[in-house]
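First up is the structure itself, then whatever we jot down about it.
The values are calculated or read from the model by the stated rules, or taken from the named source; none is laboratory data. Quantities reported herein were computed from a predicted structural model and do not represent experimental measurements. As a convention, Cβ positions derive from the backbone with ideal geometry for all residues, glycine included, and neighbour counts pool all protein chains shown. Calculation scope for accessible area: heavy atoms of the full protein, side chains included, ligands and nucleic acids excluded. Shrake-Rupley method; radii C 1.70, N 1.55, O 1.52, S 1.80 Å.
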Amino acid sequence: MNDSTSRHFLTNNVQMEDNESKKIESLSSPAIELIDINKRFGQLYANYNINLAIKSGTIHGIVGENGAGKSTLMNILYGYYQADSGIIKIDGKVTNLHNSHAAIQAGIGMVHQHFMLVDEFTVLENIILGNEKRFSLRSVYKKTTKILSDLMHQYQMPVPLDAYVGDLSLGLQQRVEILKAIYRGANILILDEPTSVLTPQETNNFFTILKNLKEQGKTILFITHKLREIMEITDNVTVMRKGEIIDTLITNTTTETKLAKLMVGRDVEFKSKTKNIPSSEILLSVKNLCLKDPSKRLLLDHINFTVKRREILGIAGIAGNGQTELLEVLAGMRYKHKSGDIIFRGKNIIDNSHEHPAHTRRYLGIGHIPENRSKVGLIGNFKAWESSILGYQDDPFINGAYFLYSKVAIDRFKRQIAKYNIWPSEPFLKTSVFSGGNQQKILLARELGRHPELLLVGHPTRGVDIGSSEFIYQQLFELRDSDKSVIVVSADLDELFFLADRIIVMLEGKIVGESYVQDTNKEKIGCLMAGIKENK
């Protein structure tokens, strides 16, 4: 156990009276001060003259559209990026955060949207990782177990220390990340889109944890696109737009509508879903579909459902219950160890050969926006225009006899930039430079540009701002209204009820419920997701 960890552990166990007096005293000075922070990437200002003070012992929200500069600013605070100019003060002292180690030493911890954990390691091993002693690792394990047990009790965050991280739910993995940060001495926590992977029940538990952390004097920076959560959990909120701070407000003096307008620069109004009557024609029919992993474990268990033309079918379920695997089978990404029938436009397209059928599915008219856009849908090191043709690079209009017609593909992507409001409007930037929401727009433009008969979408607005969400929803409705169909997987029940005409619920690889949206409610769907019988 290093010195900073020892000091932190002792601080966390002082008497309650001393805690309260220090907490009250700390409220008089900011935990964080950012003064005239500037950061450019090439000619693009990601942050411009940022001035912000974060009060100690508060939960401070940071909101803005994708590309507004939120993540860049937090990465500067955590030492991943260095500001081109400006001053950072932590607890009133000018601090040089030249790397993440320096940020940790300054008492800053960060929980990323995609967790930085090793699935094959236990919880204890993940928390210790990077802080090991050269000798007597066994004694380090023993001391760390005692410290973590006390921290879990203090902050009401129980986690099985001997469990492998890969076996834990996403909610518990998030607790591991928070515990790891606190164990390393963090008094300031940066949470990047912390609820984007959580179920509604996990989100409620998570908010309880945040309140406990705040009560213990921790300062929390909460980055999210969900304005309802900002209103529920934060004390203050800062709005960013195009690299600048637009305003900082006391949360209970503002509204979601005002925040949305500040974020986007215009009124944002989700058009209510018009009543839709699906066609009688069945576009897709799935019969007795089963899927096993290489160890013969059943991932999909006799799945049966249909999708009609002019229908959006929603798939609900807690993560890990087969929804991802179902979309991957339909998209042709999983093509081994399966049985059953997939009838698309009257033809059985299931293929148990060793040839990869994903390419064929695209040309049959099945588009796919995967739930993990950074790992599956796009290649970060590719230029944006190159990512915009992935999977379609063999099209005759861009693939000549001897070389790729890159100018044709670039010009096409420029038109997509204008239509889908992709920002930055620069086709030669690396895909990884674009924010999550703009990466989602690149995917959406790529797939919708082929006018698919059936679009498979995994978590369409995960990590996407309110303005982009409004746009994405309207694109899905327009596709449905053009006599096409959509299958949407989402952990956000609000989203499913807004988009879908009909919802099926998956649990342990099976379909356990099905209902038209007007005939059910979120409580019933939530019970099915959790395996709870309605009469209980």
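If the requirement is being under 30 Å from residue 202 (Cα atoms), touching a residue at least 12 places away in the same chain (Cβ under 8 Å) and in a strand (DSSP E or B), which of these qualifies: 318, 303, 342? 303 is the lone residue from the list that is under 30 Å from residue 202 (Cα atoms), touching a residue at least 12 places away in the same chain (Cβ under 8 Å) and in a strand (DSSP E or B). Answer yes or no as to whether residue 204 is open to solvent by 50 Å² or more (accessible area, probe 1.4 Å), free of Cβ contacts under 8 Å to residues at least 12 places away in the same chain and either under 23 Å from residue 463 (Cβ atoms) or in contact with a Ser or Thr (Cβ under 7 Å, 6 or more places away or on another chain) (or both). Spelling it out, residue 204 is indeed open to solvent by 50 Å² or more (accessible area, probe 1.4 Å), free of Cβ contacts under 8 Å to residues at least 12 places away in the same chain and either under 23 Å from residue 463 (Cβ atoms) or in contact with a Ser or Thr (Cβ under 7 Å, 6 or more places away or on another chain) (or both).
Among the residues in the range 139-148, are any touching a Phe, Trp or Tyr at 6+ places or on another chain (Cβ under 8 Å) and part of a strand (DSSP E or B)? Outline the logic, then answer.
So the first thing to find is which residues in the range 139-148 are touching a Phe, Trp or Tyr at 6+ places or on another chain (Cβ under 8 Å), and the list is 144, 147-148.
In the following step, the residues that additionally are part of a strand (DSSP E or B) were identified as none.
The answer is no; no qualifying residue exists.
Starting from residues that are in a loop (DSSP other than H, G, I, E, B) and in contact with a strand residue (DSSP E or B) (Cβ under 8 Å, 6 or more places away or on another chain), keep the ones in the range 517-533 and report whichever is surrounded by the fewest Cβ atoms within 10 Å (Cβ to Cβ).
Per the criteria, the residue is 531.
Looking at the range 125-173 only, could you name the residues that are open to solvent by less than 20 Å² (accessible area, probe 1.4 Å) and without any contact (Cβ under 8 Å) to a residue 40 or more places away in the chain? Across the range 125-173, the qualifying residues are 128, 148, 159, 171.
Picking from residues in the range 152-209 that are of a type in the set (Ser, Thr, Tyr) and closer than 23 Å to residue 140 by Cβ, the one that is nearest to the chain's Cα centre (by Cα) is 164. The C-beta contact set for the range 228-244 (first residue within 14 Å of residue 206 (Cβ to Cβ) and at pLDDT 95 or above, second residue crowded, with 22+ Cβ neighbours inside 10 Å and among the aromatic types (Phe, Trp, Tyr), distance under 6 angstrom, 6+ apart or interchain) comprises 234/222. Just one of the listed residues (496, 456) is assigned to a strand (DSSP E or B), touching a residue at least 24 places away in the same chain (Cβ under 8 Å) and touching a Gly at 6+ places or on another chain (Cβ under 9 Å), and it is 456.
When residue 258 is tested against (1) within 27 Å of residue 58 (Cβ to Cβ); (2) touching a residue at least 60 places away in the same chain (Cβ under 8 Å); (3) among the basic types (Lys, Arg), only condition (2) is not met. In this entry, residue 265 passes the filter for residues that are more than 20 Å from the chain's Cα centre (by Cα), under 25 Å from residue 462 (Cα atoms) and of a type outside the set (Phe, Trp, Tyr). The residue that is modelled with the lowest pLDDT, among those in the range 337-357 that are within 21 Å of residue 506 (Cβ to Cβ) and open to solvent by 50 Å² or more (accessible area, probe 1.4 Å), is 337. Can you find a residue that is more than 27 Å from residue 281 (Cβ to Cβ), under 27 Å from the mean Cα position of the chain (by Cα) and surrounded by 17 or more Cβ atoms within 10 Å (Cβ to Cβ) anywhere in the range 301-314? Checked against the condition, which is being more than 27 Å from residue 281 (Cβ to Cβ), under 27 Å from the mean Cα position of the chain (by Cα) and surrounded by 17 or more Cβ atoms within 10 Å (Cβ to Cβ), the range 301-314 yields no hits at all.
Of the residues making up the range 284-300, those that are part of a strand (DSSP E or B) and open to solvent by less than 40 Å² (accessible area, probe 1.4 Å) are 284, 285, 286, 289, 290, 291, 299, 300. In the range 174-195, the qualifying residues are those that are open to solvent by 20 Å² or more (accessible area, probe 1.4 Å) and not basic (Lys, Arg), and the one that is modelled with the lowest pLDDT is 192.
Checked against (1) modelled with pLDDT of 95 or more; (2) on the phi > 0 side of the Ramachandran plot, residue 69 passes all but a single condition, namely (1). Summed over the range 74-104, the residues that are part of a loop (DSSP other than H, G, I, E, B), hydroxyl-bearing (Ser, Thr, Tyr) and open to solvent by less than 60 Å² (accessible area, probe 1.4 Å) give a count of 2. Remark: pairs (first residue in the range 43-56, in a strand (DSSP E or B); second residue acidic (Asp, Glu) and open to solvent by 20 Å² or more (accessible area, probe 1.4 Å); Cβ separation under 6 Å; 6+ apart in sequence or on different chains) = 48/244; 49/36; 53/33.
Of all positions in the range 479-487, at least one carries a residue that is of a type in the set (D, E, K, R), in contact (Cβ under 8 Å) with a residue 24 or more places away in the chain and at positive phi.
Residues in the range 453-481 that are of a type in the set (Asp, Glu), open to solvent by 10 Å² or more (accessible area, probe 1.4 Å) and within 20 Å of the chain's Cα centre (by Cα): 470 alone. Of the residues making up the range 358-379, those that are farther than 12 Å from residue 442 by Cα and either out of contact with any Leu (no Cβ under 7 Å at 6 or more places or on another chain) or modelled with pLDDT under 80 (or both) are 358, 359, 360, 361, 362, 363, 364, 370, 371, 372, 375, 376.
Return yes when residue 275 is more than 20 Å from the chain's Cα centre (by Cα) and assigned to a loop (DSSP other than H, G, I, E, B) and no when it is not.
In short, yes.
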